[in-house]
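Here is the structure we will look at, set down as structure tokens.
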Amino acid sequence: MKMDEWNIRRRRFLTAAISASAASLLMRTPLNAMSRGNNMRMRNFRQRKFGMFVHWGPYSQASVEASWPIMVKRDDWPITVPEYQDLATTFNPVNFDPDEWLDLARAAGHKYMVFTTKHHDGYCMFDTLYSDYKITKSPYGKDIVKMLSDACAKRDFPLGFYYSPPDMNHPGFRDMSKPTYDSWHGQPERAEWSSYLDYMELQLSELLTRYGTVDTIWFDGLWGMEKYNGQRFIDLIHRLQPATTVNNRIGTEGDYGTPEQFIPQHIPRRGIDLTGTDPKRYESMSQEIPAIEDFMDWEVCMTINDTWAYNVNDHKYKSADELIRSSVEIFSRGGNFLLNIGPRPDGTIQPEFRERMLAMGKWMSINGEAVYDTLYGPVQNQEGYRTTARENHVFVHVLDWPKGKLNVRGWGKKIASVQLLSDKRPLPFVQNDDGIVIDVAGVKPDSAATVIKVSTV
Ligand code: JFZ
């Protein structure tokens, strides 16, 4: 596409996008939501707690990680760069059914989804005007993001978009006459860099004006994120859809932190850079329970095995109990859990993922009251149990079941009642200066976590 044609299209699209969004903006967003900044935006985030992450694209045909085989050189990659790039010519997910994904998401207890619209390889799973490296040029030919967003809208299921600022396929991002390995961080020093940021603006405008309500934009800037001028895109997002949340992976604080493949040991406070995969960075976190105004919203993203994309050779599946216990650790510190699946090349979801997701859904169907719309509990850093809280209720998630009596440390409130959440039976208890002693004799504990609801006067 010649530059002047590109610029004409760009001007036309941006004009249309801004005017369309002005109309939708007045219809959809109560003005006070805009005035309250991120409070309204984050209310839904905090209520939903548990989301489904989906990494899917042509790479799913090769049982390799998304994008990394063309970014870093590794002798054990089972695919070369040209072979990876050729995957786009054979991608044809004939069994893709968004309603099947949504049925499973709901059965698993998920309350929102985040989908990879463009990963670091630059391949677009939506019908963008600005690249031919896209799903509508594949043998499949249909706009996957449109199909998914239509299905979500029909079922009122919140859908967010993962969008990678790193883009190995754009000449503004890197010098494409050289191997990707030399420049996968991007080359902001080049004169062409500004054309890449313009490309990002155009694509984000497409995603925020053609695919309905966008719950979140989940950027994945990797390293040196300041080169993306993140505030430019946050302002764009909030011009087009003010209620859309934005994560912290484009070089700004954003609305929520994104620890990846690990769970912070304590409740995060505003001001720490909670992102990436290195838990060691957070060893100095305060153990104190923050006041709500100092609390930083956050969401752990995690795989069920070890690969974000579909990988037939990766059998390191976490058990359902491990995943439930991880979710209890996350919810008890006020976090959201974004659990990932990598669908198969034909669009279906492998049985090992389905089994675990349905087991989590069963646990959530019994204990959801202790999860959804809760925040971190008043008792933290205890052996054997965690707490979440809502209003005058504290939910004690017991991980190590005691023999006979359960001792829960006090939090300065008078206890009115104690009940086993699963069957609502009242449990005998004694309150003393140290806390509560609950008689759990005869209770059959859940193999992962058993929840006791403690209500205060
Ligand atoms: C990134 C992606 O590269 C990955 O494919 C997946 O999409 C995940 C959700 O996000 O993974 C990262 C992000 C940060 C680091 C490493 C991998 N890091 O900071 O080392």
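Aspartates and glutamates within cross-link reach of LYS414: Cα-Cα under 16 Å, excluding same-chain residues under 8 positions apart? Within reach: GLU391, ASP433, ASP434.
Near ALA309, the amide H atoms lying under 5 Å from its own belong to ALA66; only residues 5 or more places off or on other chains count, and H is placed 1.01 Å from N. Averaging the Cα positions of each part gives two centres, and for the stretch 40-92 and the stretch 195-209 these lie 20 Å apart.
Using only the alpha carbons of the stretch 407-454, what is the convex hull's orientation-averaged projected area in square nanometres?
Directional mean of the projected Cα hull area for the stretch 407-454 stands at 3.5 nm².
Exposure here means at most 15 other Cβ atoms within 10 Å; with trypsin sites (Lys or Arg not before Pro) in a DSSP loop as sites, the longest stretch of the chain lacking them is 156-269. Over the Cα atoms of the chain, the radius of gyration divided by the Kirkwood radius equals 0.99; this is the Rg/Rh ratio.
Which GluC sites (Glu not before Pro) in the stretch 260-301 pass both tests, a DSSP loop state and at most 12 other beta-carbon atoms within 10 Å?
Listed in order of number, the matching sites are GLU283, GLU288.
Considering Cα pairs under 8 angstrom that are at least six residues apart, work out the relative contact order of the stretch 364-457 and quote it in whole percent. With pairs under 8 Å counted, the relative contact order is 31 percent.
Taking amide H positions as modeled 1.01 Å from N, with prolines and chain starts lacking one, the residues under 5 Å from ARG269 and 5 or more places away or on another chain are MET296. On the beta carbon distance between VAL72 and ARG269, with R0 = 41 Å, the FRET formula returns roughly 0.75. Basic side chains Lys and Arg get +1 at the Cβ, acidic Asp and Glu get -1 at the Cβ, and with that the dipole of the chain about its Cα centre reaches some 1240 debye.
Here the gap between LYS424 and SER319, fully extended at 0.36 nm per residue and compared with their Cα-Cα distance, gives a gain of 35.1 nm. Comparing PRO268, MET302, GLY347 along the charge dipole axis of the stretch 260-358, the residue lying farthest to the positive side is GLY347, per the Cβ-charge model. All C-alpha pair distances within the stretch 283-403, sorted into 10 Å bins from zero, spread as 12, 39, 30, 16, 3 percent across the bins. Residues within the reach of a label modelled at VAL81 (point 7 angstrom out along Cα to beta-carbon, backbone nitrogen below 19 Å), restricted to the stretch 155-170, are 166-170. Legend: residue pairs LYS362/LYS424; LYS142/LYS227; LYS111/LYS318, Cα-Cα distance threshold 24 Å; pairs beyond threshold, LYS142/LYS227.
Bear in mind these aren't lab numbers, they're just calculated from the coordinates by the rules spelled out. Bear in mind the structure is a predicted one, so any value in this text is a computation, not a measurement. Quick reminder, even Gly has a Cβ in these numbers, built from the backbone with ideal geometry, and neighbours come from all protein chains shown.
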